[in-house]
Structure formats: C-alpha cells, structure tokens
Amino acid sequence: MVFIGFSSVVMAFENPLRDPNSMEVQVLQILGTVFTVIFLLEVVVKVVALGAFCNYGDGRKAYLRSFENVLDFVIVIVSVLDSIQTRFLENSGGGVIAVMRIFRVVRMLRPLRLISRSKNLKVVVKTILAAIPELRNLLVFSSLFFLIFGLLAVGNLKGSYHSCKDNTLEDYSFTRTPEITPMCIGETAISGSSETLKTMTQQASGVCPTGWETWQRSSRDTPICEVHCEASSHASCQTSPWGYQVMRCTDCSVAHCPDEDQSRRESCESRCSRHEYFCKAGGTECLEQCVAACLCETSCYGLIEDAALCTEQGGKWVNLNQNFDNLLVGTIALFEISTTEGWVDVMLAAVDSRGPYLQPKRDANEFIGSMLFVAFMLIGSFFVLNLCVGVIIDNYNKQKKESDIHFVLVTDVQAAWMTQMKAIYLRRTFFSQVNVDRLGPSRQHRFRIITSSAFENLIMACIVIQLCLLLLVWQPRDPGGSFETFLNSCNVFFIVVFHIECFVKLSALYCNYFREYWNVFDFICVITSDIVSILEASIAGDATVNLSSLVNALRIFRIARLFRVVRVLKGLNKLLLAFALSVPKLFNVGLVMLLLLYLYSVLGVSLFAKVAYTGVGLYGPQANFRTFFQAFSMLIRSMTGEGWNFIMHDLSLSKWYYESILETTCGEMNLETLDFATLDFNKDGFVDHPTECGTGFSFLYFISYTVLVSFIFLNLFIAVIFEGFEESRGSEPMEVITKCLENWERYDPFNTMYIPLSKALDFIDETVEELMNAKQPQKGQCLPEPRWDSRSTIDMNASDAMWSMYNLQYVRTLGLRVRSDGQVRLVQAFKAVMRRLVISGGPYSIYLPQHERRQRVKEIELLETMMLNATEDIEPDMTEILALEARQEKQIQQALGPSASPARVLTSTSKTSGGYAHDELEEFDMLQKVAAAKIQRRSKESFQRRRDRAGGSAIGHHGPITRAAG
C-alpha cells in the first residue's frame, strides 16, 4: 500500500513538457525503476506462493485467477517494458519496443491498485460492479433511443451544420449575385521548391492578372475543391501552416494525385452521373470536375452552391463540432446534448439549417429542427438517462440490505430495539452540567440564566439583527461616513454581547462548556472576532500592511453564527442531521471518486499536455492539461458538466484544422531531438508553447470520464444523501430522547441523573402517553397496562416497597433496573420509555393489540438473553451495543464525579459478595423483584388458607392477608 501510494504520487510529477535531460526527470526515472522492481518482486513472490493458473486444493486462488491480480500483472509488465525502453533503448525506433510507447498509458492505472488493498474502497466498487447488469440493460435500452434519434437526425440534418467563417471563426459575409463567381487561375511558385501550383483567386474589377486564365464554374452544382494536405506529398503541403486552399478540381487532382488510378475512373464517372448533389443537370465540364474530385478524394473535397461561393470569395466552409454527418458522429453529439451541455446551440443550428452546401438562414427549418431536439431532451435525457439515477439508488439499497445483519439474525422488533439502544448509548452526555445542587448559589443562578429560554431567545435575536446589519454593507461606501460609523458601533456592541454570553457560560459550566459542540462553535466565533478586531486595529494606520483578504475571510464567522438557528428550527435541524449522517458514508464514495480524478488527471497530462491552444475554443490558459493541478481543476469543472464537450472537441482537432482553418503550426514534438532552450523562454523547466495536434483519444477519455464520474459516482452520492435524508426523517430515537430530556428536567431539576422509583415510573408513564398521543387526531389514548394490579385489595397509592402490588405485565414491558437505594438511573428510565414504545407499536401510533404486545415482549427478552452471550464473530452489532453501553457508563461516571456511586448490575450469575468496591450499589431487575414478591405473597396466602381449614386458633391473631396481585 505504501509503495503504491508513493508511486502514484510520483506519477503526478511526471510531465511530457519537462526537459528530458533535467535532474527532475532523471530522479523520476530512477524512482520509477525502483518501484517497478519492487512491484515485480511482489508479482514473483505471489506467483510462487499461489501459483500462476492452477488453484490449490486448500481453497487458495491462483494468482492470475483474480481480476485484481491480472490488473496488477499487466501494469507491472508494461512498467517493466517501459523501464527497459527508457533506460536502454531510449533512441530506438520501430519494432515492438517503439510500439510500447503507446501502452505507456497503462502505467497510469497504477493508482487503481489501491482499491484492491482497501476493504472500504472495495465495498464501493462492489456496489458499482453489482449494478453493471442493470446498467447494461439500461445501456441497451438507451442505445435504442439514441439510434432512433441518430438516424432521424442524420437523415434530416446530414451536411447541414456547415457555415461560412473567417480566420477567427466568426461569420463571413459573401454575395450570392452573381450565382457563380468569376475566378482567375494562374501558376504560382512555391517557396523553397522548383514546383509550381495552379492557384485560384477571385477576379478584381472583372480583370485577371497578365498570364492568368479566366475561369468560372459552369453551374451552381459544379464543384470546386477544398485542399486537404494530410495525404499529399506536394511541395505546397510541406510548408507550415498550409493555409486554406481552394482549387479547380482538375488542377487539384493533377497536383496532389499525380499517379491517377485509371481503374477508378469508370466507377467515378458512374458515381458522378448519379451523384446526390453534384451535376444534377449534367454537363461535360461539371462531370469532369466531379470525376477529378472523386479520383483524389483524400486531398480534394468538392464544394458546390453556397459552400463554393463562400470559398471563392475568401471565406472558409467550416463544420460545427457537433454535427450529424454520419451515425457515429451523430450519436456522440446526442450523448453530449443529453448531458444538457450546449444542446440549445445544436438545436438552433438545426433550426437555421437549409441543407448540405447551403449557408444557414434564420428559422429556415424551425419545425423539424426544434421538435426533434425537444423530443430527444424529454425522452432521451430527462427520462432515459435519469433512469441511471434510479438504477444506482436501487442497487445501493439492495447492497445495504444484504450487508445489514439485522435482517439475517434478528426479527424486525428486535432490530428496532437494537436501533433504539444504540441511539441512546451513542449519547456521550445528556446535560452540559450535572449535580447542579452541589454548585454554589451564584453559579447555580448563572446556570439557570444560561439554560432559560429567554436567554437563548435574546442571543438568537442578536444573531439575526447582526445578520440584517451585515446585509446593509455595500461597495463602494464612504469609510468615514456616519452610516459606516453606525455599523461599526453595532458590530462592537454585538461582539460585546457574544463575549458576555461566552464568559457567563464559562463561569457557570467551567470545563463542561466545551463538552457541547455548539459551545465550541460559539467559542471559535468569539475568538475569531477578537482576531479580526486586533488585525483591523493593527493595520488601520499602517498602509504598508495589506491583510484585507485575511480579515475578510475571518469575517465569515460572523455569518456562521446563523447556524445556531438550526437548533431552534426543527426542519433545518433535520436537514443538518441528514448531512451529518451522510458525511461518514460519503467518505468512501468520495475517496474512490478522488482516486478516479487523480487517475484521469495523470492520464490527461500524459495524453494532452503537448496539444496546442486553439485560440478560439475553451481549451486555453484557463482550462488545460499542462500541469497536474490544472488538469485536476479542469476535471472538477468538467464533472459538473461545464463545457466538457467543447474541451473534448478542442483536443480532438486534426492537423488540417490547425494548419488550414486556424492557420497555425501543428506537429509532433520530440523533446529529445529538439533544443529545449529554444522552447523554454521563461526558464521554468517546461515547454512554453507546445504545438502538437489534437488526438481522437479525447473522445474516449471524456466520454468514459463523464459516464463514470457524472453518471455513476455522482448518482451514488445522491443515493447516499437520500439514505441520510430518510434516516433523518425517521429519526424517532432522537425525538424520543429529546422529549425524555424535556420531561426529565421537571423530575430532576438539579441534573443528578437519578430519581426515586416512584418518580421514575411517573416519568415513564407521562412520557410514553405524550409520545403516543402527540400526532393522533383524537387525543387521550390510555396506557394499556396499569401500574397497579386491578385485583389488588390494598390502597392503590401504596408505597413502591409493596412490590407484590405492581402489575407484572406492566413491569415486564419496562425491563427496568433499580438501584438498591431505590434510585433509578437516567439511562435506565430512558430505556424503559423506548422499550415500552417499541412494544406498543412505536411513537405517534395507536397501541397494538394485547397479544401482539406480549409477543414483542417475548422477542425483546430473547434478544437481551442473546446479548448476554454475544460474541464479536457471530453477533458484531450486539457486542457493539454492549461496548457502547460500557463506554457511556464510564463517561457518565466521569461527569458525575468521584462522589457518585456506580451501580453494579446484579444478575442470576453475579457474585453476592466479594470482588466489588464497598461503595458500589447493586442494581437489580425490577421484574425479578416483583415476581419474587408475588411468589412470596402467594406462599403466605396458601399457608394461611391451610391454617384456616385446620381451624387453628392462632389465625385470628394474624388478620386477613390480602390476595397477591398478578
């Protein structure tokens, strides 16, 4: 893991624009060789230990039977071959080793090896891989729509996205009268060569230069040829830049295809005689030009109609990046606009289109052009591609359910009770200050002030007023004006108020002040305001110090206080809770996505760092792959869908587009054969102005990046956030605990965290009744199990020492534990409330029937028995709950102080003496106590009845014994 991490970091420093003879490049090559040797040794050891292809009988998988190991093996082999080429065959050309330079990109996949070494990252990848079958079906389903719309677009818009442009790719105006432009054709010498070229230019004042031939096309559909120099060896194509050349097709064919293949002439003549656009009216000259273009179609592209007029008059006939000239290009264009990026421009171009070789005209094809793309966006984008969101979310939920132990070992009721227990044991503190009765009178008074609702409302009002005053600040303003003085005075006033709040809370709570996260947040805001005031005072009279940016950044904490409103507004509190619940789960997803961003950044620098700027597109100084940081920033921008397709097209431009349309130099750069000093003018160790052409790899690069990051991982983020939102909406345990804390304060005003049993039972009954009736349309549901047995003949207000008088079913639903001094701990009382709610059917609901409640009691009692014997290997969630309970008990004891006596749980297996501190108080199960009292009472009743039947005279001295309850 460590070596993979280091080697991945080293890859970020590799840059094809560095001086190949510099010390940095030499060090990187040595480190690359060292890491390659280490990884090669790893492969050798694993192959020897596991075998290459054959599995062992003990269940161990062979090395190459695992996809992760196959990926490692391929990367290591490519790295070895690349190191051999770099160290020993650096100047080799051709052969297998030269071809390996193409596969050097495979080394960039090395960061993916981190995934196979991390359990959490493998879980995220497993979720994505599990979604592949459904995503494959979605891909087939989406491809049908793309194919249908692609065929419709190609059939209606093929060749219709061209327009006339100038050298800066702005619209170029040309005249359509006369319909055919008179031209002059003459021999032109080529610089540095003995060859000549017949060039063509528009007639000036109706007269051609001396020695030049006057010529014009015989009809509008007679082609002239646009020269493409990629496949030509003519001297005019050896100069750079080529420039935009237009020639008579016969001259173009002679110059760029001198070795005419006569076997093709017949097929070209047949093709031209029935051409879809050329020579519809026939004509010998037209057919001659058409055949010449056909015989040299790799270098001579025929143009007619408006396209010919544009180029004859000095314009350039340029195609839009997104077009529908064929099905492949059209499908890519549909994919681009399905991401809602630039789809309006493509639609408007279709609305203005008039057909092949015709200049677009405003709203010439309004109905078909608009309806086609609106229908595609509604069906292909909003519906089909958004199904990807549903597939990812659904699969994420399936993986979550499969990995959830609750659905395997326990029932739904038991799982709900485990959730309730975990919620209460996760609370580290319940009160900011305990044992208030032990504080001095003055400190108690301050504590009552800071915990009062009036004090909280006052602070909230000050926060809101300060925010309103901050909204009144604008630029520019008079720094010495009366209004500015008023704002500064108000700011000082609120700083004083928040300092007083902080000091009062500190004097009341002492170190307990920092146990609550909101208090820590307030303290940071107060300290920050002090730092801002000190900085403002220190730079007020010193013009040489400029800390305005730092001061403005620290002033943000004034606005940050507004987050305290979340504590008051329940709706915002739920959203904040959803965010808090989502952050831990988003960490692993974000880590894998960060790894992909890193991988694509390194890969992008390797592929596109040398590509020249176009000067007219988005790819330029603000968005490029010249360095790792710039590549990483641009990929984050592309992840949001901002102009990613325009950058993709800029990086795919061919040499002809650079040399002829943009008229800039473009070619391969081999830094090992060039004088680096002439390329690095600012002496920073990098090439200042790379001049390589674009590459078709940009389509594969950006489309795969968009699919992986934008469609899959961002949707996985949405799935995790949805889960957090659902958990926050169903956060019943938090609401129950909040209600319990509100009611507890009335029974325990000094926060001792202990109350007598009678008060604890009143607290439990009151809280359960309020929660069950809170959201019912008809209030007043009565508790189904009364505290006292209705068959008891003694006073219903009997002391709680009369254990036999309690309703046994009532006590059984509570599961309450009581200390030997008759006190009940806060946690035990809260657990009794939550347990009774689970048994009754949950808060805000109607009580379940009696038989269902009793069944739930049995299930919970069985779960508690299982937890006593739980092991970490079989029941990890149960052991986690027990560990949380022990941690919480320890923290509560620390908060209560050394004077508090810890409770020792007394069970049937507990020792009755020895092994415990003298001041520990036993905590017994109330159900066992009540059941034992009832058994004892029944025994006494049975004994008395036997004595009555025997007629013993001693009976009168004892008096009647009431019947035992339950």
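The values are calculated or read from the model by the stated rules, or taken from the named source; none is laboratory data. Just so you know, these numbers come straight off a predicted model, no measurement behind them. Positions of Cβ are generated from backbone atoms using ideal geometry, with glycine treated the same way; all protein chains shown enter the neighbour counts. The protein model used for the area step is the full one, side chains on, heavy atoms only, and it has no ligands, DNA or RNA in it. Shrake-Rupley method; radii C 1.70, N 1.55, O 1.52, S 1.80 Å.
Ordering of 200-207, 925-932, 858-865 by packing is 925-932, 858-865, 200-207, highest average first (other Cβ atoms within 10 Å, averaged per residue). With each label modelled as a point 7 angstrom along the Cα→C-beta vector, the VAL70-LEU572 pair spans 5.4 nm.
In terms of its C-alpha gyration tensor, the stretch 574-619 comes out oblate, because a/c is 1.5 or above while a/b does not outweigh b/c. A 1.4 Å probe run over the stretch 188-256, with the rest of the protein chains in place, finds 47 Å² accessible per residue.
Checking the Cα-Cα distances for LYS422/LYS934; LYS739/LYS759; LYS165/LYS280 against a 25 Å cut-off, the pairs over it are LYS422/LYS934; LYS165/LYS280. Positive-end ranking of TYR844, GLN891, LEU868 along the dipole of the stretch 808-896, with charges on Cβ about the Cα centre, is headed by TYR844. Of all aspartates and glutamates in the structure, the ones whose alpha carbon falls short of 19 Å from that of LYS940, not counting any fewer than 8 places away in one chain, are ASP789, ASP948.
When only alpha carbons are used to place a centre, the stretch 666-723 and the stretch 739-772 end up 64 Å from one another.
Net length available on complete extension from LEU40 to PHE141 is 32.0 nm, with 0.36 nm assigned per residue and the Cα-Cα distance removed.
Of the whole protein surface, HIS499 contributes about 30 Å² of accessible area at a 1.4 Å probe radius. In this calculation the C-beta distance from ARG746 to VAL344 is compared with R0 = 51 Å, giving a FRET efficiency of 0.20. With R₀ set to 51 Å, the beta-carbon distance separating THR678 from PHE563 gives a calculated FRET efficiency near 0.35.
Taking K and R as +1 and D and E as -1, what net charge do the other residues with C-beta under 9 Å from the C-beta of PHE750 add up to? With Lys, Arg at +1 and Asp, Glu at -1, the net is -1. Determine which residues of the stretch 813-846 fall in the zone a paramagnetic label at GLU852 would reach in this model, i.e. backbone nitrogen under 16 Å from the point 7 Å along Cα→Cβ. In the stretch 813-846, the label zone of GLU852 (backbone N under 16 Å from the point 7 Å along Cα→Cβ) covers 836-846. Does the stretch 147-187 come out rounded, prolate or oblate, given a ≥ b ≥ c as the square roots of the eigenvalues of its C-alpha gyration tensor, rounded meaning a/c under 1.5 and, failing that, prolate meaning a/b above b/c? Taking the square roots of the gyration eigenvalues as a ≥ b ≥ c, the stretch 147-187 is prolate.
Fully extending the segment from ASN319 to GLN928 would add 210.5 nm, taking 0.36 nm per residue of separation and subtracting the current Cα-Cα distance.
Couplings 3J(HN,Hα) for the stretch 844-861, derived from phi with the Karplus relation 6.51 cos²θ - 1.76 cosθ + 1.60 (θ = phi - 60°), are 6, 10, 8, 4, 6, x, 4, 5, 6, 4, 5, 5, 5, 4, 4, 5, 5, 5 Hz, where x marks Gly and Pro. Computed from the C-beta positions of VAL389 and PHE367 and an R0 of 35 Å, the FRET efficiency is 0.60 to the nearest 0.05.
With the highest mean first, a sort of the peptides 11-18, 293-300 on other beta-carbon atoms found within 10 angstrom per residue produces 293-300, 11-18.
Between PHE503 and ALA950, full extension at 0.36 nm per residue minus the direct alpha carbon distance yields a gain of 153.1 nm.
Taken along the Cα-to-beta-carbon direction at a fixed 7 Å, the label points for GLU484 and ALA461 span 3.1 nm. For ILE755, the residues whose modelled amide H falls within less than 5 Å of its own, excluding neighbours fewer than 5 places apart on the same chain, are VAL824. Annotation for VAL9 and PHE579: the two label points, set 7 Å from Cα along the Cα-Cβ direction, are 3.1 nm apart.
In terms of its C-alpha gyration tensor, the stretch 344-392 has a prolate overall shape, because the principal axis ratio a/c (a ≥ b ≥ c, square roots of the eigenvalues) is not below 1.5 and a/b outweighs b/c. The residues of the stretch 589-748 have, on average, 41 Å² of accessible surface per residue, using a 1.4 Å probe with all protein chains present. Taking only protein heavy atoms and a 1.4 Å probe, the accessible area of the stretch 171-314 is 48% carbon and sulfur.
If you take the Cα centroid of the stretch 877-892 and the Cα centroid of the stretch 265-323, the two points sit 83 Å apart.
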